[in-house]
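The structure under discussion appears below in the form of structure tokens.
The values are calculated or read from the model by the stated rules, or taken from the named source; none is laboratory data. Since the model is a prediction, treat every value here as computed from it, not as a measurement. With ideal geometry, Cβ positions are generated from the backbone for all residues, glycine too; neighbour counts draw on all protein chains shown. These area figures cover heavy atoms from the full protein model, side chains too; ligands, DNA and RNA do not enter into them. Shrake-Rupley method; radii C 1.70, N 1.55, O 1.52, S 1.80 Å.
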Amino acid sequence: MAVGCVIGVDLGGTKLLAGTVDSRLDVHHRAYRLARPDDTAALIDQLVETVQEAIEAATDEVLAVGVGIPCLVEPETGIALDSNHLPLRGVGVRDLLTERLGLPVVVDNDANAAMLVEWRCGEAQGASDAVMLTLGTGIGGGLIVGGRLVHGKRGAAAELGHIIVDADGPPCPGSCPNHGCLEALVSGHAIGAEGLRVARDATESALGRALAAGREITGALVTELAHDGDAAARDVMTLMGQRLGLGVVTLVNIFNPEVVVVGGGAIAAGELLLGPARAVVAERALLPGRDAVRIEIAHFGPEAGLLGAALMARDGSGLLNAGYTETLA
Ligand SMILES: [Zn+2]
């Protein structure tokens, strides 16, 4: 494996993180921005500027740049075919960044990147079949089936956040035409929305008092109060975990994975989410899949996307489906 470092980039619906990453997956510098989803040119400018900050902080030669974006990405071209949250539809992200940065650039879906690093070095290491869910602004998905990262015909596979959990549920945010998708019911945004609903009723709870004090009820705040033991906030997390479990039931029944890895910013809730999810899977998924599956917090937590993008950069474009046997030294 070549020495030198790579830049890993995790672009989410609301935040942008670039890191300078060495061959042991240690991150030496992090450049963080709130993403600018207002228009395409501004977002590309921001990507370039954030990566350049990470490049300037590198103390070793920068070999390549790997970028995980919350979009359906055509693997061969690095073109964003669609995006539920950002103005990148039809944008040739790989070629634009290659030209602006003067370095090799690899682009893939952000949850595919997270799946990659969890499979190579994290909770799914050694698994022939595994599922990744990243809970952030929306829900990203990644899949390992038969020892290969699944992209589908044109890069549109593993959109696991759009499993229908409630056919009569709320409209899915962004460009998805569906209703009641997992993403509409469980994402960081959904936790905040459900927290607000509960806060209005449970006025004596810490959640209710936070609302009365004028605080914005976000997924992060609900999670914090749940960890502090507030019963109303914990009820929200239990409901979210149960809904997550319904989605995982479908994944277990389709893919019979060894492990379902859950990452993204909202996994700060940890066992408050996964405990109820496991209970639903144990009750409602088919045998033998339900007994065989582990449901685990991402080993790399919310940094899985950044580190997976760094691995993509190190492996190089076009190798994502070649089948990995190499492990990091
Ligand atoms: Zn949807």
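Send over the Kirkwood Rh of the stretch 147-236, from the inverse of the averaged 1/r over different Cα pairs, rounded to one decimal Å.
One decimal place: 14.6 Å for the Kirkwood radius.
Using a 1.4 Å probe on the protein heavy atoms only, what accessible surface does ARG148 show? Give it in Å² to the nearest 10.
120 Å²
Based on the alpha carbons, how large is the Rg to Rh ratio for the stretch 16-64 when Rh follows Kirkwood?
Taking Rg over the Kirkwood Rh, I get 1.03.
Looking at the square roots a ≥ b ≥ c of the eigenvalues of the Cα gyration tensor of the stretch 40-125, which shape do they give, rounded for a/c under 1.5, prolate if a/b is larger than b/c, or oblate?
Cα axes put the stretch 40-125 in the oblate bin.
Can you check what the net charge comes to around GLY308, using other residues whose Cβ is under 11 Å from the Cβ of GLY308 (Lys, Arg +1; Asp, Glu -1)? Don't skip to the answer; put the middle values down first.
On the way: positive: ARG120, ARG314; negative: ASP10, ASP108, ASP110, GLU118, GLU303, ASP315.
Charge balance in the 11 Å sphere: -4.
Once ligands and nucleic acids are excluded and a 1.4 Å probe is used, how much of GLU296 is accessible, expressed in Å² to the nearest 10?
Near enough 50 Å² of accessible area.
Starting from 0.36 nm per residue, how many nanometres of slack lie between ALA156 and LEU34 once their C-alpha separation is accounted for?
This chain segment gains 41.3 nm when fully extended.
Relative contact order for the chain: what is it in percent, counting Cα pairs under 8 Å that are at least 6 residues apart?
Relative contact order, the chain: 20 percent.
Can you tell me, using C-alpha contacts under 8 Å and at least 6 residues apart, the relative contact order of the stretch 28-187 as a whole percent?
Relative contact order of the stretch 28-187: 16 percent.
Would you tally the net charge around SER23, using a Cβ to Cβ cut-off of less than 10 Å, leaving SER23 out, and scoring K and R as +1, D and E as -1?
Its environment carries a net charge of -1.
Cut-off 10 angstrom, C-alpha nodes, Gaussian network model of the chain. Which of ALA157, ALA113, ALA64 fluctuates the most?
Judging by the Gaussian network model, the answer is ALA157.
Between ASP82, ASP291, ASP38, find the one with the highest GNM mean-square fluctuation for the chain; connect C-alpha pairs within less than 10 Å.
ASP38
Expressed as a rounded percentage, what relative contact order does the stretch 164-296 have, with Cα pairs under 8 Å and six or more residues apart?
Relative CO of the stretch 164-296 lands at 21 percent.
Let me know the shape class of the stretch 1-150, please: from the alpha-carbon gyration tensor, a ≥ b ≥ c as square roots of the eigenvalues, rounded when a/c is under 1.5, otherwise prolate if a/b is greater than b/c, or oblate. Mind dumping the intermediate values first?
Details: a/c = 1.63, a/b = 1.11, b/c = 1.47.
Since a/c reaches 1.5 but b/c is at least a/b, the shape of the stretch 1-150 is classed as oblate.
Starting from the coordinates of the alpha-carbon atoms of the chain, obtain the Kirkwood hydrodynamic radius over all distinct pairs and give the value in Å to one decimal.
On the way: mean 1/r = 0.0503 Å⁻¹.
Kirkwood radius, the chain: 19.9 Å.
Give me the net charge of ALA127's neighbourhood, meaning all other residues with Cβ under 14 Å from the Cβ of ALA127; Lys, Arg count +1, Asp, Glu -1.
-2
Specify the angular offset, from 0 to 90 degrees and rounded to the nearest 10, of the alpha carbon long axis of helix 271-284 from the longest principal axis of the alpha carbons in the chain.
Rounded to the nearest ten degrees, it is 80.
Along the three principal axes, how long is the stretch 101-209 when you take its alpha carbons, biggest first, rounded to the nearest angstrom?
Extents along the principal axes, in whole Å: 52, 36, 30.
Diagonalise the Cα gyration tensor of the stretch 177-277 and give the resulting equivalent ellipsoid semi-axes, square root of 5 times each eigenvalue, largest first, whole Å.
Numbers: eigenvalues 138, 38, 22 Å².
Each semi-axis is √(5λ); the values are 26, 14, 10 Å.
Considering the alpha-carbon set of the stretch 211-252 alone, what are its Rg and its Dmax in angstrom?
For the stretch 211-252, the Cα-based Rg and Dmax read 12.7, 42 Å.
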